[in-house]
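Just so it is clear, none of the values below were taken in a lab; they were calculated from the coordinates. Computed from a prediction, not measured in an experiment: that's the story for all the values here. Neighbour counts are summed over all protein chains in view; Cβ atoms, including those assigned to glycine, are modelled from backbone coordinates with ideal geometry.
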Amino acid sequence: MLIAACFAIFIAMIMAMARAILGPSLYDRILAVNLFGTKAVLLIALLGFVMGRPEFLDIAMVYALINFISLVGILRYSDNDVFKVDDQQDQGRSE
Amino acid sequence: MTLLSSGLLLMGCFLCVTGALGVLKFPDFYTRVHAASVTDTLATAMILIGLMLISPNLFVVFKLLFIFVFILFIGPVASHILVKTALKNKLVPVVKENEKVSSSKL
């Protein structure tokens, strides 16, 4: 049962990576990477139980914290004009 | 105990795969955020509670409880700040216009 759960979460991670590659806007990619990080936490916890070593939960805890802080960190740069989404597809505009 | 844990793990994995499929198939960013956040938080909760039932000692239960409470609080907060930033930077949602609604001049 645990190994089947590991495979299911791995499939979910592949789908999140597909959205990170395909996603037309920047926010799709940020969402997909955040989703990938949360699934990685679950995968580490499950693999710790599969191998009989629950000490992997420390790594899972740290990675959950790092995932959230990196999301907040990248969204702090949204106050500049770098993240603005253009609808009119300006070709000649430079930063 | 193992049967209940297996049932919870199965439900959690089903939600997880469904949520990831929704993120892949939905047409717009805002609908994808909804699919990702709701199913992600609930799947994490179910899988972690399912793991708590088969843990070997009490210390592992406390560590799992810590991750569970953290992701329960942080998941909706993360999706909220992401959507708020996207709205502030003018990411336009895809809206399907209904003829009756647009003619009544809301």
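The table that follows gives values for the structure above.
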| item | result |
| --- | --- |
| Average beta carbon contacts from partner chains per residue of A:30-36, 10 Å cutoff | 6 |
| For residues of B:60-70, the mean tally of beta carbons on other chains within 10 Å | 4 |
| The protein assembly as shown - mean residue ellipticity at 222 nm from DSSP helices (-39,500 (n - 2.57) per run, n ≥ 4, rounded to 500) | -25500 deg cm²/dmol |
| 0 to 90° range, to nearest 10: angle between helix B:58-88 axis and chain B longest Cα axis | 10 |
| Chain B, relative contact order in percent, only Cα pairs under 8 angstrom and at least six apart counted | 29 |
| Ratio of Rg to Rh over chain B (Cα coordinates, Kirkwood Rh, two decimals) | 1.16 |
| Averaged over B:22-31, number of beta-carbon atoms from partner chains that fall within 10 Å | 4 |
